[in-house]
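Remarks on the structure that follows.
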Amino acid sequence: MTVEKPAAGVRTFGGLNILGHLASLGAHPAAVAYSMTTLGAGMMNSIFSFYYVKLFLNKYKISEGAFHQSQVVYMVWNAVNDPLFGYLQDNSHVPCCSQRRLSILYGAPFYAIAFLLAWFPWREYAPGDWMSGVHLMVALCAFDGMLTFVLLAQCALFAEISGHHQSRLRLIKYNQVASLIGSSSVLFCSLHSQNMDDFPSFQGFTVLVAVLACGCMIYTGLHSESRFDTKGSAQRSNYQGSGQSTLSFSLVTSMTLQILTNRDFQLFVLMNFFQVFMVAFCNNFTMIFAEHLIPPNVLPSLAKSFMYGAGFICPQLVVLSSQSLLHSLGYYKIILLTFYVEAGMAAVMLVLGPHHYYILAFFLTANMVLVQAAFSLFNLPLADIIDSDLQRHKRSSPLSSMVFGTNALFTKPAQSLAPMLVVSILNQFGYENLKDAGRDANPSDLEALHTTMFYLVCVVPMCIAALQVFAWKPFSIRSSHTVDTMYIDG
């Protein structure tokens, strides 16, 4: 009996050809391996982005000054680490940086540990304790640093696994299934911890999530492949053989300028900046807005838990159900359409007013779903920009990590700007003093705060969507869904 060897690039684990078994079940091995990192990261990122602002403001009682200082440091680090890691991953001689799967494999345990830093206080914090500010700063920078290192490698894999548009759509499909499962962590966390009221249960749940997420990303590190791993190695050897340093300042400056002068890249970055702002706005404040604007007798805690879970789960369902539209219309028109719908819904909600509680609950959830769903498609235009850069400058391998990293340099600051601006506005209307006052608060002060929250809920999405339409309309790569491949797989 003939025993077939695993195909090149397919690893065996514990004597089993795992990917072969998955393929026999109808799964696509490369897409499964790629999406496991999305599953792990989705579990951690959803919980982190949804809970950290409320945790530090309401439980750790961080002062507004310390909150802003931490966000400023985070904003700078958040912007700098993406192009830094991107350049290292595209040009490093060290395998754990230069090979995408190894970056994920070795980065996964540190990513999981960084995720846990926020949920365990360093001591019993008094209101305004300076230590809570240091804690937030360290937690944000450590988590984002490891998130960047691992997910930049995964983003690069997206562009490098295949150049075929249909293959990329398959990756999007598998990715959304993984994201659907991963984002459900918010729902289960809310139910298990009673919306974080049972804090020890919340902490235990985060430890479980960290362990599961680490295992998922290690699976990607063991089983994923980039088509350019061998090409990249050969290219680096050629550079070394010719005596040229791939890490020279002139080279990185030249490549960065080539990326920055791409008109489509400029338009995408502008549009993406506002999208990142909206994602942070929805993730960080939907829970706070819902608790203040929707009375508990109208929507009890359990119903709100399902509402928060739907905000993370439904975006993946929307993307999965729109596969045929992505094939026929392409991502350009679909993304543009979401901006129009977001602006329209916000305008209708503003006209209706804050006392239509069920409509407001639907709007908060639907807006979060649309923002997250559109954001899930953004790897497609970035992959097309990478392909365009590859062809325009006749490169032997794509600058995938550098393009993703340079994009993040300009868009990641929005993750800090959103909470800083919103917290500043809310505190102008007494949120810092009223957040725990409940029924004992002065009714007129509470009404002013709730009115401000309602206007933020409606006006911010409406204005941001209008700016995004202005930025996205001139984008010129609109027909990649009609082209079989941008370059030949090899």
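The values are calculated or read from the model by the stated rules, or taken from the named source; none is laboratory data. Everything quoted here is computed from the prediction, not taken from an experiment. Here the Cβ positions follow ideal geometry from the backbone for every residue, glycine too, while neighbour counts run over all protein chains shown. To get the accessible areas, we keep the full protein, side chains included, count just its heavy atoms, and leave off ligands, DNA and RNA. Shrake-Rupley method; radii C 1.70, N 1.55, O 1.52, S 1.80 Å.
Within region 261-270, the set of residues being open to solvent by 50 Å² or more (accessible area, probe 1.4 Å) and not polar (S, T, N, Q) comprises 263, 270. For region 172-200, a residue qualifies if it is open to solvent by 30 Å² or more (accessible area, probe 1.4 Å) and part of a helix (DSSP H, G or I), and the qualifying residues are 173, 174, 177, 180, 181, 188, 191, 192, 200.
Condition first: among the aromatic types (Phe, Trp, Tyr) and either free of Cβ contacts under 8 Å to residues at least 12 places away in the same chain or closer than 16 Å to residue 144 by Cβ (or both). Can you find one or more residues in region 88-107 that meet it? No: zero hits.
Applying a threshold of 6 Å to beta carbon distances and a minimum spacing of six or more residues, or different chains, the list of pairs starting in region 437-459 at a residue that is within 18 Å of residue 286 (Cβ to Cβ) and among the aliphatic types (A, V, I, L, M) and ending at one that is at pLDDT 80 or above and open to solvent by 50 Å² or more (accessible area, probe 1.4 Å) reads 449/429. Check whether at least one residue in region 23-38 is out of contact with any His (no Cβ under 7 Å at 6 or more places or on another chain), at pLDDT below 50, surrounded by 15 or more Cβ atoms within 10 Å (Cβ to Cβ) and on the phi < 0 side of the Ramachandran plot, and report yes or no. Yes, there is a match, as at least one residue in region 23-38 is out of contact with any His (no Cβ under 7 Å at 6 or more places or on another chain), at pLDDT below 50, surrounded by 15 or more Cβ atoms within 10 Å (Cβ to Cβ) and on the phi < 0 side of the Ramachandran plot.
If you check residue 308 against the conditions, is it touching a residue at least 24 places away in the same chain (Cβ under 8 Å), over 22 Å from residue 354 (Cα atoms) and of a type outside the set (A, V, I, L, M)? The answer is no for residue 308.
I need the full set of residues from region 350-405 which are surrounded by 15 or more Cβ atoms within 10 Å (Cβ to Cβ), at pLDDT 85 or above and more than 26 Å from residue 316 (Cα to Cα), in order please. Scanning region 350-405 gives 350, 354.
Scanning region 39-73 for residues that are among the hydroxyl-bearing types (Ser, Thr, Tyr) and open to solvent by 20 Å² or more (accessible area, probe 1.4 Å) gives 49, 63.
For the criterion of being surrounded by 18 or more Cβ atoms within 10 Å (Cβ to Cβ), at pLDDT below 95 and over 20 Å from the mean Cα position of the chain (by Cα), residue 245 fails.
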